[in-house]
Amino acid sequence: MITPSIRASASGALRTAAAAAQRAPVARGMASVAMENKLPAKYGGKYTVTLIPGDGIGTEVTDSVKEVFETLNVPVEWEEYNVSGETTGNAGLFQEAMDSLKRNKVGLKGILFTPMGVAGHNSWNVAMRQSLDIYSSVVVCKSLPGLPTRHENVDFAIIRENTEGEYSGLEHQSYPGVVESLKVTTKAKAERIARFAFDFAIKNNRKKVTCVHKANIMKLGDGLFLNTCKAVAENEYGHTGIEFDQMIVDNASMQLVAKPQQFDVVVLPNLYGSIISNIGAALVGGPGVVPGCNFGREYALFEPGCRHVGKDIAGKNRANPTAFLLSATMLLRHLGLEDQANTIASSVYNVIKGGYHRTYDVGGTSSTTDFTKAVINKALAA
């Protein structure tokens, strides 16, 4: 049950998420969620943050963030854990990283690779969110000035339930050639994510929350999610003036690519959230430019909004560090370091707007290091 005190504490997180992604350089826009815990303590004038570079391009984009932070004297000290999801042999190191997150309560993370077809090797990305109960994923898909895409004026937020649904990991082979996979939906977690979505909308002056589902077919599971969201909208937020509507996930996918401007805040279960986040990223420039954050009652974890490892370009100095840099600015806002967050975010946006330094994924020829240096130069000149 979410009490008034929990909701009150969550409002600080809501402001965090919204600040970094919605606005251009200095504006405050993308909100997070209210968290029960207080901000991490400073030691020696610095915040200690757990850092997990991840697989694929993780090391390269992490180096970008570390270089920017070091150059600008950002008061953050890293506890770095080079965990890899490639094999199960890193279980001990993964647990150390988890202990660090529990201790520091905040982390910056790349994406850990999850191999297909490896028995007994579940996703450590999922395990991390479930064990820490980091239940809400926030991804804001917003058109960036200077980066032309097929659609203009795209600006919507995706609020994804992070801990259940098809990602519950409950599947087994009941008979050779027959697999049963359980999708778990609970009223309590549906209520929790619905409240988060509406609180996000309120904090960010958004006007509509759309519940995306497949309740026409999965009448019990998705029916529970939809009906719970509807009840929260009517009983708890009816006085706010925020519109509530619902859309079947296949139609929502089509509407997103046809007319994305109709969406404002989208709340949805885990699997649909993964799919819709990728569609949203494609609308505004791809996975390399979309930041993300995840919140629970005690912990906050910042990572790219699209959970792509980028193994195909790993080690080639071609990765776009924008998503990771902007995720890092969201981390800074969460820590109350607004000035540093504004400086870095505005520098990233201005480099993109200038058009002279663009990585390969958005039609340019700049390397990861070239882009990073351009951001640093903008920041130092600010």
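Here are a few things to note about the model shown:
- Listed cross-link partners K142/K214; K46/K207; K105/K219; K142/K219; K207/K378 are compared with a 28 Å cut-off, the Cα-Cα value being larger for K46/K207; K105/K219; K142/K219; K207/K378.
- Radius of gyration and maximum dimension Dmax of region 275-326, Cα, Å: 12.0, 38
- Built amide H within the under 5 Å cut-off of T359, gap 5+: G364, S366
- For region 208-252, chymotrypsin sites (Phe, Trp or Tyr not before Pro) meeting the loop criterion (DSSP other than H, G, I, E, B) and having at most 13 other Cβ atoms within 10 Å: none.
- Across region 223-346, Cα-Cα pairs farther apart than 26 Å form 37% of the total.
- Here the contact order of the chain, divided by its residue count and restricted to Cα pairs under 8 Å and six or more residues apart, works out to 23 percent.
- A viscosity of 1.002 mPa s and a temperature of 20 °C, combined with the Kirkwood radius over C-alpha pairs in the Stokes-Einstein formula, give region 133-241 a diffusion coefficient of 134 µm²/s.
- Each 10 Å bin from 0 upward holds the following percent of the Cα-Cα pairs of the chain: 5, 25, 35, 25, 9, 1, 0.
- Principal semi-axes in Å for region 50-186 [√(5λ), Cα gyration tensor, largest first]: 30, 23, 15
- Cubic angstrom per residue, convex hull over Cα atoms of region 193-253: 74
- Among the trypsin sites (Lys or Arg not before Pro) within region 237-325, those in coil by DSSP and having at most 15 neighbouring Cβ atoms inside 10 Å are K316.
- Likely footprinting exposure, D55, D99, fewest C-beta neighbours within 10 Å first: D99, D55
- Percent RCO, i.e. relative contact order, over region 100-240, from Cα pairs under 8 Å lying at least 6 residues apart: 15
- In a fully extended conformation the segment linking K219 and T365 would gain 47.7 nm over its present Cα-Cα distance, using 0.36 nm per residue.
- Applying a 4.7 Å Cβ-Cβ cutoff to the chain, the cysteines left without a disulfide-compatible partner are C141, C293, C306.
No value in this document is a laboratory result; all are computed from the given coordinates. Note that the structure is a prediction, hence the values are computed from the model and not measured. Here Cβ is always computed from backbone atoms with ideal geometry, including for glycine, and neighbour counts include all displayed protein chains.
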